[in-house]
Amino acid sequence: MDIIQLFGPASVPAVVFGSVLGVFELGDRLASQQRVKDPLSKWLVSFDVQKAKALPEGTQELFERIFGERHFSLKCFVLSAAFSLCAIVFVSIIVLLINPSLFFALLRASPVPVSFLYLPVWIVWAILIDYVSLFKTRIILRILTRFVRFQILLSLGILIIDYFTYKVLFRIGLVVMFYLFMLAYFAFSISDMVEVYGFDLLLDTSVFVPLIPEQGDFTYILFWAGFAPSIWMWLYVLALFVTRALLRSEKLVKGLRWFFDVEKNPFRSIGAVAAALAVIASVAILLVSAEVSRISSAS
C-alpha cells in the first residue's frame, strides 16, 4: 500500500500517456506503408477538407489487420480476449493508483454469494461480452469510413448510441451471470427465479441512468475495460482531426511536420496528439474526483 501511495494519482497521467502512445506505436508497426500509412499521411496534410473522406483510407484495414477480417473467427476471438484482459489490467492499475482503498473495496464486493468464484468466472463472461461489443465497434467504424466528410452532429449521435448500446449489452450480461450463479449455487429452478425476480433485473431502466456506472463492485472496472475498444476508436477519430487542424496552422505547419514526421510515421504523430488529449482528460478526471471526495468528506 505504501508503494502505491508513493506513486499515487500523480502518476496516472504518465501511465496514460505512455499507454496511449504505446498502442499507437504498435499500430504504426502493424500498418502497411503503401495501403495504410501513405493514405493516412495524405489525409492529414490535405487542405481540401470538403472532398476528403471523414476518415482516411486504410482505417478499416488497420482494424482488420489487428483483429482479423472476419469477426466470427477463432483469430478474432483470441485477439479480442487478449485485448480484454489487457484492458482489465490497465483499468485496474488506473483505479488502484487513483484510489487504492476503492480498488480493494471493489475487489472484495460481490453481487453474488460466492465471491471467490465470482471474479474469475465473471472475467471469462466479460470476455464474451467484450467480443460482442467489439463487433459493434467494427460496424460503427465501417459506418464512419463511408462518410464523405466529417459530420460532428451525426458522429456525436453515433457516439451516444455506441455508449448506451454497450450499457445494455453489459447489463444483459450481468443479469444473465447473476441468474446462472443463483441457479448453480442455490439450485433454483427457472420457474423459481422468474417467480422471485421476474424480469425486473433485465428490464431495469437504471441501465440508462446514471450516465456513469456506480462504483458498486469489480464490475465497475470490467465495464470500462469492455468499453476500451470504443474509447480507443473515438480517441483515434478525435486525434485525427486535432492533428490535421494543427498541421493546417500556417505558422506551425513546417515545424509540426518535422516534429511529427507525418510522411513516415503518421500513427506515431497521431499517437502523440492522442496521448496529450488522454492526459488532459485524465487530469480533468483526477481534479473532479478530488473535488467530489472533498465535498463528500465535508458533508
*May I ask you to order 267-278, 228-239 by the average number of other C-beta atoms within 10 Å around their residues, highest value first?*
267-278, 228-239
*What length, rounded to one decimal in nm, is gained on full extension from LEU119 through to LYS264, with 0.36 nm per residue of separation minus their alpha-carbon distance?*
47.8 nm
*List CYS86, CYS76 from most exposed to least, where exposure is judged by having the fewest other Cβ atoms within 10 Å.*
CYS86, CYS76
*Relative to the present Cα-Cα distance, how much length would full extension add between ILE295 and GLU64 at 0.36 nm per residue of separation?*
78.6 nm
*For the residue pair VAL176 and VAL15, what label-to-label distance in nm results when each label sits 7 Å from Cα along the Cα-to-beta-carbon direction?*
3.1 nm
*How would you rank LYS37, LYS42, going from fewest to most other Cβ atoms within 10 Å of each one's own Cβ?*
LYS42, LYS37
*Quick one: Karplus J couplings for the range 262-270, per residue in order, coefficients 6.51, -1.76, 1.60, θ = phi - 60°, nearest Hz, x for Gly and Pro?*
4, 5, 8, 10, x, 5, 5, 5, 5
*Net charge of Cβ neighbours under 15 Å - reference ASP130; Lys, Arg +1; Asp, Glu -1*: +3
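No lab work stands behind these numbers, since they all come straight from the coordinates. Keep in mind that this is a model prediction, so the values were computed, not measured. Every residue, glycine as well, gets a Cβ built from its backbone with ideal geometry; the counts of neighbours run over all protein chains shown.
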